[in-house]
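*Asks:* Structure below; questions to follow.
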Amino acid sequence: MDVLLAIIGQFGLYGLLTVGIAVIFAATRVVNLAQGDLAMAGAYVAATATGAPFGIRTLLALAAGVPLLLVIERLLLRRPGSDGLAAMLVTWGLGMALRQGAELLFTGTSRTVAVPVDGTLDVLGTPYPAYRLVCALTAIAVITLVLLAAHRTDWGLRLRAVADNPPMAALLGTDPRRMRATAFTVGGLLAILAGALYSPVLAVNPSMGFGLLVPVFFGLLLSRPGSLVTAAVAALLISALSVLLRTWLSDTLAEALFYAVVVATAALRSRPWTGRFSAWFRRTPAPVGAV
Amino acid sequence: MVPSHSRTRGRRLMRASRTPALAAACALALTGCQGAAMSGDDAPDKGGPVRIGVIVPLTGPTSQVGTALRNGLELAVKEVNSHQGVHGRPVEYVVVDDAGDPANSTQLARRLVRQDKVTMLFGTITGDTAEAVGRVADEAHVPFGTAILGDTEHCFAYQWGFGESTRQMLTPTVPGLIEKYGTDVALVGSDYNYPHFYAGVARELVKKAGGTVVAEEYSPLGQTDWQPVIGRLKSAKPDTVLSMVVGADAVTFSKQAQQFGLLTPKLGFEGAPLDADFQPALGPLVAGRTHTVRWSDRLDDPESRGFVKDYRAAHDWKAPVPEVAGNAYFGVEFFLAAAAKAGSNDPEAVNRAIGRLSFDSPLGKGTRFHAANHVLQADMQQVTIGGDGAYNVTRNHPMVADTTPKKGCS
């Protein structure tokens with residue numbers, strides 16, 4: 001049970017960030033390298049606006065995030081948007097600017113956020129910190145909502161259409177600029193939420209988001225472009241792999257093995273026969289009676 | 001006093017000393033001997049001002065500590081200059097920013113020795129940057145002082161540390177913890193050289209005090225989830241946890257250890273997370289605990305009080321004055337007293353004087369370096385962390401010795 005709870009706790013953080021980066025990647029084909037730094041920005045709102053209750057601070061971070069993300073997308077990403085590499089470098093620069101800005105404003109010293117829900121809960125005989133459970137369940141609920149939106153709403157349909165075939169989606173009336181702006185905002189907000197939500201269990205400092213980028217990037221690498229469900233599953237697998245290895249082995253050995261397994265999986269996925277094998281499972285059944 | 005803005009100073013000096021620098025570069029290229037001691041041209045002016053090269057991270061993750069060290073050093077120089085300097089010779093300093101990167105530290109230390117012709121080097125925060133400068137100091141035969149706590153297995157002939165050694169931290173602490181909390185001790189640390197060295201000393205002292213090490217855990221730097229480590233530590237049921245988890249991880253580890261029920265008031269807890277740097281972040285979690293340090297801003301000593309007053313006034317400082325600033329202040333005074341005793345700016349003569357000097361300061365009466373390990377034989381203070389963040393001195397451990405020999409000192 002301990003292990004399961006640890007996986008769920010880790011998945012809440014990685015899942016929000018990975019699904020967020022996958023939403024942005026689906027609409028823009030840009031890997032947002034500032035995803036972790038946006039989480040850091042969210043955590044700083046939770047750490048500094050201490051006059052308000054924690055829930056209000058989280059909403060404040062999200063509310064402040066919307067115009068910020070729209071302006072960033074409009075000013076920095078719209079022009080190089082056609083060139084994926086240039087846009088990715090822009091997001092790298094954005095991340096650096098956020099880190100430096102945080103260092104100037106708040107210095108490099110770590111801050112902490114008081115846990116809003118104290119105490120432990122008994123989960124099937126295992127005591128577990130109540131707030132970590134709240135965090136994980138909130139994150140899972142938000143991820144589920146985003147996945148539902150992607151598969152059950154017009155916006156989701158258009159997002160998946162843009163991800164699959166941008167020129168065709170544009171011909172059919174989807175405004176790609178608007179879609180890119182919405183996707184960047186939604187993806188960025190998920191990161192800000194992750195940062196604010198998990199701030200009471202982490203040390204809040206300017207470089208905190210940078211360390212989160214690696215597992216999130218691996219999650220994106222293992223998912224299928226445009227399919228947010230695969231991004232969520234990849235985040236879950238990465239969380240499970242990380243927790244299981246660290247439960248069985250020492251942290252240092254677990255980390256080395258974790259990277260080896262993820263890189264080997266990504267390499268295997270890129271082999272042509274793997275693609276054919278998985279396509280065979282996903283093939284559309286032939287209509288009954290067809291010859 | 002030389003302005004502490006490294007760029008301005010650097011540019012000015014570079015222009016002024018281009019010819020000797022070029023000559024030195026050519027000579028190095030011809031001889032292929034990068035690690036030679038200073039030539040006559042490189043040596044500082046013997047009758048001129050005593051010049052200190054200060055290498056600290058003023059940017060990057062350790063910039064706070066670097067800035068505190070520089071602030072302490074600046075005040076020490078001001079104090080010495082206000083009393084006729086070093087036998088009438090004024091003291092100057094050149095501050096350079098290594099951003100905590102050992103590659104920068106090496107380059108900047110060489111520049112300070114060759115271009116700025118410093119008599120002594122001072123500074124660095126992290127162990128890897130200290131080692132980088134220690135190597136340059138040994139090559140160039142220029143004394144180098146550090147102020148940060150902790151030491152390593154290796155020693156350099158020209159390097160002298162004013163921070164407490166690992167043994168000095170743990171010798172007065174471990175028996176008390178075992179007596180108060182129980183015999184089972186767990187060790188946890190970030191996974192790099194120093195925490196392993198710390199654990200080695202801790203194992204030895206725990207055994208000597210009749211305790212047992214029941215668990216030992218290391219985790220790579222930048223860890224965000226400590227649940228598996230805390231789970232293993234908890235299952236070993238320790239009475240005390242000695243932690244050398246450093247940086248932001250010290251905060252994450254301590255918070256999560258409390259959330260998972262490991263860190264309770266019944267558990268003994270000592271190590272890096274109790275340092276004053278982390279107090280603002282950990283606050284109530286460390287309040288009431290005791291910690292062993294070389295210097296605290298609450299030390300009831302006229303010199304210490306004067307320094308603290310000046311520090312607060314100069315930097316509009318309200319929080320506790322960092323230990324590293326105090327170590328740097330009294331460390332530089334020690335170095336300059338050695339320069340006075342040497343009677344010249346010759347770095348080798350100053351280095352010899354440092355090794356022989358006995359110096360009274362708030363760090364202890366008759367503090368001196370042990371020849372076999374270059375560890376400052378000095379007092380340690382037991383402090384109790386108050387709810388207001390004050391590190392109140394509750395016990396003095398006079399002259400805590402560390403005489404364990406190390407390779408490379410002589």
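The values are calculated or read from the model by the stated rules, or taken from the named source; none is laboratory data. Source: prediction; values computed, not measured. Every residue, glycine among them, receives a Cβ derived from its backbone with ideal geometry; neighbour counts consider all protein chains shown.
*Asks:* Being away from chain A (no Cβ under 14 Å), of a type in the set (S, T, N, Q) and either buried (at least 22 other Cβ atoms within 10 Å of the Cβ) or assigned to a loop (DSSP other than H, G, I, E, B) (or both) narrows it down to one residue among B:292, B:224, B:252, B:264; which is it?
*Replies:* None of the other options fit; the residue is B:292.
*Asks:* Report, ordered by the first and then the second residue, all pairs with beta carbons closer than 7 Å, sequence separation of six or more or different chains, a first member in region A:240-259 that is more than 9 Å from chain B (Cβ to nearest Cβ), and a second member that is surrounded by 15 or more Cβ atoms within 10 Å (Cβ to Cβ) and not in a helix (DSSP H, G or I).
*Replies:* Pairs that qualify, where the first residue is more than 9 Å from chain B (Cβ to nearest Cβ) and the partner is surrounded by 15 or more Cβ atoms within 10 Å (Cβ to Cβ) and not in a helix (DSSP H, G or I), are A:257/A:249.
*Asks:* Which of the residues that make up region A:165-210 are within 14 Å of chain B (Cβ to nearest Cβ) and in a helix (DSSP H, G or I)?
*Replies:* Matches in region A:165-210: A:194, A:195, A:197, A:198, A:199, A:200, A:201, A:208, A:209, A:210.
*Asks:* Within region B:227-239, restricting attention to residues that are crowded, with 23+ Cβ neighbours inside 10 Å and over 27 Å from residue A:206 (Cα atoms), which residue is nearest to the other protein chains (Cβ to nearest Cβ)?
*Replies:* Here the answer is B:233.
*Asks:* Can I ask one more? Restricting attention to region A:88-132, report how many residues are closer than 22 Å to residue B:249 by Cα, among the acidic types (Asp, Glu) and without any contact (Cβ under 8 Å) to a residue 60 or more places away in the chain.
*Replies:* 1
*Asks:* Further, regarding this structure: Please state which of the following conditions residue B:233 fails to meet, knowing it meets all the rest: (1) assigned to a helix (DSSP H, G or I); (2) farther than 22 Å from residue A:214 by Cα; (3) without any contact (Cβ under 8 Å) to a residue 12 or more places away in the chain.
*Replies:* Status for residue B:233: all satisfied but (3).
*Asks:* Of the residues that make up region B:240-248, is at least one in contact with a Pro (Cβ under 6 Å, 6 or more places away or on another chain), within 14 Å of chain A (Cβ to nearest Cβ) and assigned to a helix (DSSP H, G or I)?
*Replies:* No, region B:240-248 contains no residue that is in contact with a Pro (Cβ under 6 Å, 6 or more places away or on another chain), within 14 Å of chain A (Cβ to nearest Cβ) and assigned to a helix (DSSP H, G or I).
*Asks:* Take residues that are crowded, with 23+ Cβ neighbours inside 10 Å and among the β-branched types (Val, Ile, Thr) and tell me which of the helices (runs of 4 or more DSSP H) falling wholly in region B:75-170 contain 2 or more.
*Replies:* B:127-140
*Asks:* Being away from chain A (no Cβ under 14 Å), under 25 Å from the mean Cα position of the chain (by Cα) and farther than 20 Å from residue B:234 by Cβ is the filter here; which residues of region B:193-219 pass it?
*Replies:* Answer for region B:193-219, where residues must be away from chain A (no Cβ under 14 Å), under 25 Å from the mean Cα position of the chain (by Cα) and farther than 20 Å from residue B:234 by Cβ: B:194, B:197, B:198, B:200, B:201, B:203, B:204, B:205.
*Asks:* Any residue at all in region B:295-307 that is within 14 Å of another protein chain (Cβ to nearest Cβ) and either of a type in the set (A, V, I, L, M) or touching a residue at least 12 places away in the same chain (Cβ under 8 Å) (or both)?
*Replies:* No; the residues of region B:295-307 include none that is within 14 Å of another protein chain (Cβ to nearest Cβ) and either of a type in the set (A, V, I, L, M) or touching a residue at least 12 places away in the same chain (Cβ under 8 Å) (or both).
*Asks:* Only residues that are more than 14 Å from chain B (Cβ to nearest Cβ) and assigned to a helix (DSSP H, G or I): list them for region A:124-138, please.
*Replies:* Result: A:137, A:138.
*Asks:* Which one of these is assigned to a helix (DSSP H, G or I) and surrounded by 13 or more Cβ atoms within 10 Å (Cβ to Cβ): A:97, A:141?
*Replies:* Testing whether each residue is assigned to a helix (DSSP H, G or I) and surrounded by 13 or more Cβ atoms within 10 Å (Cβ to Cβ) leaves just A:97.
*Asks:* Which of the numbered conditions does residue B:194 fail, given that it passes all the others? Conditions: (1) in a strand (DSSP E or B); (2) at pLDDT below 95.
*Replies:* The single condition residue B:194 does not satisfy is (1).
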